[in-house]
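Participant: Here it is, the structure, as structure tokens.
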Amino acid sequence: MAGGAPAPGGVASQTFASARNWLLMPSWAVLLVFVAAPVAMMLVYSFLTKEFRGGVIWEFSTGAYDQFFCNRGLFGDEPCQIEWTYINIFWRSIWQAGLATVLSLLIGFPTAYFIATRSEKTRALWVFAITIPYWVNLLIRTVSMKFLLRDQGPLNDLLIGLGLTEDPLRIINTNLAVQLGLYYSYLPFMVLPIYAAVERYNFTLSEAAADLYATKWATLRRIVLPAVKPGIVAGCILVFVPSLGAFLAPDLLGGARNFMIGSLIEEQFKGNAGNWPFGAAASMILLTLVLLVLLVSATQQRRTKGAV
């Protein structure tokens, strides 16, 4: 090239290529110690035998997975029948997480769009307001939600004071309470990715659509939503995945009748009566489900890019 400047991808751009692996070693070490090692440990524990007083016996067994899917009677010597108890808990977790994702999207998208269309001076203040709840620990926020929703809590006092109801509404220890807890906990995870996508959106496209007599709904459906789809997908994943494995909201707001898979796993590792192999097996089943969701999402995004 003129002036002797190296071409893109030439020697100058490869200056640190030889040191790349060494520079990445701290990141790989963190992933290995704090991600891969715990997952591998859970995988191994799921194929071990339960110790009577808690813990595991180092004997290979598939009993934990058999317990999850099969009901073999009181003494464990009957033919396998489908164990609907744990499957129902999984199904409850899936639809609760899915509903929380849908509700967060319905509220999060207009919120993110509103913030992204404000002036640059006020935009940061709105984002700041969205992140304020995360200054407080999730446990404290969930306990506060329980105080708000209880029979003698502020919500019921307000409804009775306004004359909208005569008796307190039974919200605590219901699926509704769990749903409100999930929605409250993970709504910002939906707002922020969509906000980032809308902020990068070229609004002249909407103006061009309006000049061509497109309605606002048509512009939203055919131009805005496809353009910000990556942010929507990211927000849905960020809400669905943690909601699926949540245990604080089900424990504190749902009670024993509204168990979710996260609560089930937590119970297996508490005290001497826990069943570590069964808890590890449930964890691996949950991890498999999450990986399937991420795989479907990645496949869909790849197809979308290929079509473009």
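Participant: Kindly indicate whether any position in segment 208-225 is within 23 Å of the chain's Cα centre (by Cα), assigned by TED's automatic domain parsing to the domain that holds GLY153 and either under 25 Å from SER283 (Cβ atoms) or aliphatic (A, V, I, L, M) (or both).
Facilitator: Within segment 208-225 (the criterion being within 23 Å of the chain's Cα centre (by Cα), assigned by TED's automatic domain parsing to the domain that holds GLY153 and either under 25 Å from SER283 (Cβ atoms) or aliphatic (A, V, I, L, M) (or both)), the answer is yes, since at least one residue qualifies.
Participant: Test ALA177 against the stated conditions and say whether it is in the same structural domain as PRO250 (by TED's automatic domain parsing) and either farther than 30 Å from ARG92 by Cβ or not in a helix (DSSP H, G or I) (or both).
Facilitator: no
Participant: Next question. How about segment 115-164: which of its residues are of a type in the set (S, T, N, Q) and surrounded by 11 or more Cβ atoms within 10 Å (Cβ to Cβ)?
Facilitator: THR117, THR131, THR142, SER144, ASN156
Participant: Any residue that is more than 30 Å from VAL56 (Cα to Cα) and touching a residue at least 12 places away in the same chain (Cβ under 8 Å) - is there at least one of those in segment 265-286?
Facilitator: The answer is no, given that none of the residues of segment 265-286 is more than 30 Å from VAL56 (Cα to Cα) and touching a residue at least 12 places away in the same chain (Cβ under 8 Å).
Participant: Pick out the one residue from ALA227, ALA249 that is over 20 Å from VAL293 (Cα atoms) and without any contact (Cβ under 8 Å) to a residue 40 or more places away in the chain.
Facilitator: ALA227
Participant: What is the residue count in segment 63-78 for residues that are under 21 Å from PHE47 (Cα atoms) and at pLDDT 80 or above?
Facilitator: Matching residues across segment 63-78 total 10.
Participant: Take segment 114-145 and flag every residue that is in contact (Cβ under 8 Å) with a residue 24 or more places away in the chain, polar (S, T, N, Q) and over 25 Å from ALA246 (Cα atoms).
Facilitator: THR117
Participant: Right, next: Confirm whether ALA298 is part of a helix (DSSP H, G or I) and at pLDDT 90 or above.
Facilitator: In short, no.
Participant: Determine, yes or no, whether LYS305 is at pLDDT below 85 and either in the same structural domain as SER104 (by TED's automatic domain parsing) or not in a helix (DSSP H, G or I) (or both).
Facilitator: So LYS305 fails the test.
Participant: A follow-up question, please. Can you name every one of the helices (runs of 4 or more DSSP H) wholly within segment 184-276 that holds 1 or more residues which are β-branched (Val, Ile, Thr), touching a helix residue (DSSP H, G or I) at 6+ places or on another chain (Cβ under 9 Å) and closer than 24 Å to VAL143 by Cα?
Facilitator: Hits in segment 184-276: 229-244, 261-268.
The values are calculated or read from the model by the stated rules, or taken from the named source; none is laboratory data. Keep in mind that this is a model prediction, so the values were computed, not measured. Here the Cβ is made from the backbone with ideal geometry for all residues, glycine too, and neighbour counts use every protein chain on show.
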